[in-house]
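This report refers to the structure that appears directly beneath it.
Every number here is computed from the coordinates shown, using simple stated rules; none is lab data. What you are looking at is a predicted structure, and each value in this text was computed from that prediction instead of being measured. All Cβ positions, even for glycine, are placed from backbone atoms using ideal geometry, and neighbour counts span all protein chains on display.
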Amino acid sequence: MPIKFGTSGWRAIIADEFTFANVRIVTRSICSYLRTNGVGDGASLVVSYDTRFLGEKFAAECVKEVADNGLSAIFCDQPTPTPTISHTIRERGAAGGINFTASHNPPEYNGMKFSTADGAPALPDATKQVEALIAGGQPEGESASDDKHAEQIEVYDPRPAYFADLEKKIRFDLIAGAGSSYAYDPLWGTGRGYLDTALRSHGLEVETIHDWRDVMFGGRSPEPDDHHLDELREAMKRRGCVLGLATDGDGDRFGVLDADGTFITPNRLIPLLFDYLAESRGWTGGVARSVATSHLVDRVAESRGLPVYETPVGFKFIGELINEDKIILGGEESAGLSIRGHYPEKDGILACLLAAEAVAARGASLSEQLNELYARVGRLEAGRIGVRLTPEILATLPEKLERDPEAISGRRVARTNRADGVKFIFEDGSWLLLRPSGTEPLVRIYAESESEQELEVLLEQGRKYLLD
């Protein structure tokens, strides 16, 4: 099976496609890509891994391969969040980075995230070049010996510099002044010792659950979604916490529970934090959201006279706008977020800390802040479902994505957007998006309307459109 990069690198099942031989091939191809694009001797790559099975072994093999291909390796030899690697790339002036992670995918998967010199996920042009080098037949080769090129491998602890950087971007004085307590669930992932340590270092009480390595992630995907956070709710109740915070396997996605245990969806937290940053920092600039993310962001931007940038799914596209300093905040409904002056990469740790700051600064729960926001700009309900790809759906999918219907289930289509998949925007402002997943064998159906009942109807109409 050919090795393909999706929206966030290459992912595959361990011991099936994800093998040491393929890791060597992919690493060698990334090194060849960098060489072809002007990276010379003395350049370095940051390498690390998450808490998945054999992650440290795959990363160690990658490090040896990097050195064997004439580059230096900065090896973060403990499980490291993806945003921390992004910061390290920039801070150390590296040519890029490779993180061994499959993010929020099930435990049988591992993956390689390739980031470029700006700390951003590699753009499609770069990953296509890497794929072409892989397809061109990179020789498998033997594993380099442990002592070969040892002088080109530096073991590095990225935590102090990352923490120092967070101090410049989060108002810890406001959070500490509120004196609240927090519960945190890293879901057995790389956020352990990062988010909780950042809060505790400012005298705050944090109860951390699942604070050990479990390569099976409790028998489920390490995804900080509502249905995975019941134990976090229990911890909050025991301590009377103001917030429950969670991050995914590699720390780039966030999950937030309000004081009463209500899950604050990314589609709600992103516009709320955009509103808070525009208000508290006095920043001007736009906001970026993926094509699948709530238009509540647009309403907040309109109320403040700020522009909106819509991107395809994949944080690399939002990262470009961060690099260009065009936006205050960029976010995706899949729980990715970054802000002005930060890195062009998702940072779930940053997102959770911003939520804590907003609650402390405004003296109001997230739900109370949302109700105030709805009173100003109106309420929208967004959601998604996944439909497993079958041979029948796969056969008709291209035609469904290219079709331009005048109406769907009696709803007149005002315009069609093909930035990523196909998005039908209806006359009343509601919308429906069909998009093949870049990481799983699914077609995702997204929708948004002004009521929960209407949202459910729209999602079902999207399913019917796909299956008919």
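Key figures
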{"item": "The stretch 366-468 pair-distance distribution - Cα-Cα, 5 Å bins, rounded %", "result": "2, 12, 22, 23, 17, 11, 7, 4, 2, 0"}
{"item": "Extension gain (nm, one decimal) between Arg463 and Asp428, 0.36 nm per residue minus Cα-Cα", "result": "10.6 nm"}
{"item": "In the stretch 304-349, chymotrypsin sites (Phe, Trp or Tyr not before Pro) in a DSSP loop with at most 11 other beta-carbon atoms within 10 Å", "result": "none"}
{"item": "Sparse-neighbourhood loop sites, GluC sites (Glu not before Pro) in the stretch 364-464 - DSSP loop, at most 14 other Cβ within 10 angstrom", "result": "Glu406, Glu427, Glu450"}
{"item": "Magnitude of the charge dipole, the stretch 381-467, Cβ model with Lys/Arg +1 and Asp/Glu -1, debye to 20", "result": "340"}
{"item": "Three-way shape call for the chain based on the alpha-carbon gyration tensor, with the a/c threshold at 1.5", "result": "oblate"}
{"item": "Segments 156-165, 81-90 sorted - mean Cβ within 10 Å per residue, highest first", "result": "81-90, 156-165"}
{"item": "The chain, dipole about Cα centre (Lys/Arg Cβ +1, Asp/Glu Cβ -1), debye to the nearest 20", "result": "580"}
{"item": "Antiparallel bridge percentage (DSSP; both residues within the chain; nearest 5)", "result": "60"}
{"item": "Gyration tensor verdict on the stretch 10-158 (Cα atoms; rounded if a/c is under 1.5, prolate if a/b is larger than b/c, oblate otherwise)", "result": "rounded"}
{"item": "14 Å beta-carbon shell around Ser437, net charge (K/R +1, D/E -1)", "result": "+1"}
{"item": "Segment Asp230-Glu91, extension gain: residue separation times 0.36 nm, minus the distance between their alpha carbons", "result": "46.3 nm"}
{"item": "Restricting the stretch 352-413 to trypsin sites (Lys or Arg not before Pro) in coil, as DSSP defines it, with at most 13 other Cβ within 10 Å", "result": "Arg403"}
{"item": "Share antiparallel - DSSP beta bridges, the stretch 10-158, percent rounded to 5", "result": "45"}
{"item": "Prolate/oblate/rounded label for the stretch 382-435 (Cα gyration tensor, a/c 1.5)", "result": "prolate"}
{"item": "The stretch 169-377: antiparallel DSSP beta bridges as a percent of all, rounded to 5", "result": "40"}
{"item": "Note, ³J(HN,Hα) from phi for the stretch 323-330, Karplus 6.51, -1.76, 1.60, rounded to Hz, x at Gly and Pro", "result": "4, 7, 6, 9, 10, 6, 8, x"}
{"item": "Relative contact order of the stretch 169-377, pairs being alpha-carbon contacts under 8 Å that are 6 or more residues apart, as %", "result": "21"}
{"item": "For Ser72, distant residues with modelled amide H under 5 Å away", "result": "Gly42, Ala43, Ser44, Leu45"}
{"item": "Förster radius 56 Å - calculated FRET efficiency between Glu402 and Ser367, Cβ distance, rounded to 0.05", "result": "0.85"}
{"item": "Proximal charge balance of Thr396 [Cβ under 15 Å; K/R count +1, D/E count -1]", "result": "+1"}
{"item": "Amide proton proximity set for Glu345, modelled H, under 5 Å, gap of 5+", "result": "none"}
{"item": "Cα-centre dipole for the stretch 169-377 with unit charges at Cβ (Lys and Arg positive, Asp and Glu negative), debye to 20", "result": "400"}
